[in-house]
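What follows is a single structure, written as structure tokens, with notes after it.
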Amino acid sequence: MGNYLIFLDAQILAKAGVLDKKRATTQKWAWAELVASGPKVKWVPCARWVVDGNIWTSSGVAAGMDMTYAFVSKLNSTIADRAVNIIEYEPHKDPSWDPFCEIWNTTNGGIAHTTSI
């Protein structure tokens, strides 16, 4: 089925070269530091989640829940809808909806942090 990653896993695979030449996203609050881990990755600064072939990446925990809904929906939308109704969660279904890219200024390189993940 492929690789399915939620935010910080993208940094690990970026460092390993697995995401080279792939579109991906990651956590916005540490954008500058995280994207530096993979200079050959086609980082998408404003995306809740990104799909590139069999690679799925999300930008955070809540975005990971939305990405999971999208992923399961591709397999079986009835099961995906039932699951979110059981946990009383309303997923964002548009992967480009990402208010956090503005908050964390990812389109301009992000806000620099001094702590490493």
**Filter result (assigned to a loop (DSSP other than H, G, I, E, B) and β-branched (Val, Ile, Thr)) within region 86-98** = 87
**Request:** Those residues that are part of a loop (DSSP other than H, G, I, E, B) and either at positive phi or surrounded by fewer than 18 Cβ atoms within 10 Å (Cβ to Cβ) (or both), I need them from region 38-52; list them, please.
**Result:** 39, 40, 46
**Prompt:** For residues in region 25-37 being of a type in the set (A, V, I, L, M, F, W, C) and in contact (Cβ under 8 Å) with a residue 40 or more places away in the chain, which is surrounded by the most Cβ atoms within 10 Å (Cβ to Cβ)?
**Reply:** 31
**Request:** Select from region 63-78 the residues that are open to solvent by less than 50 Å² (accessible area, probe 1.4 Å) and free of Cβ contacts under 8 Å to residues at least 24 places away in the same chain and list them in ascending order.
**Result:** 72, 73
**Request:** State which residue pairs qualify: first residue over 30 Å from residue 81 (Cα atoms) and free of Cβ contacts under 8 Å to residues at least 12 places away in the same chain and inside region 92-110, second residue surrounded by 17 or more Cβ atoms within 10 Å (Cβ to Cβ) and among the aromatic types (Phe, Trp, Tyr) in any location, beta carbons under 7 Å apart, and separation of 6 or more residues or different chains.
**Result:** none
**Request:** Could you list, in sequence order, all residues of region 13-24 that are part of a loop (DSSP other than H, G, I, E, B), buried (at least 18 other Cβ atoms within 10 Å of the Cβ) and either out of contact with any strand residue (DSSP E or B) (no Cβ under 6 Å at 6 or more places or on another chain) or at positive phi (or both)?
**Result:** 19
**Request:** Look at region 53-62 and say how many of its residues are assigned to a loop (DSSP other than H, G, I, E, B), surrounded by fewer than 18 Cβ atoms within 10 Å (Cβ to Cβ) and under 11 Å from the mean Cα position of the chain (by Cα).
**Result:** 0
**Single condition residue 101 does not satisfy, out of (1) in a helix (DSSP H, G or I); (2) at pLDDT 95 or above** = (2)
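The values are calculated or read from the model by the stated rules, or taken from the named source; none is laboratory data. Note that the coordinates shown come from a computational prediction; the quantities given were computed from them, not determined experimentally. A quick note on method: Cβ atoms are made from the backbone with ideal geometry, for glycine too, and the neighbour counts reach across all protein chains shown. These accessible areas exclude ligands, DNA and RNA; they are computed on the full protein's heavy atoms, side chains included. Shrake-Rupley method; radii C 1.70, N 1.55, O 1.52, S 1.80 Å.
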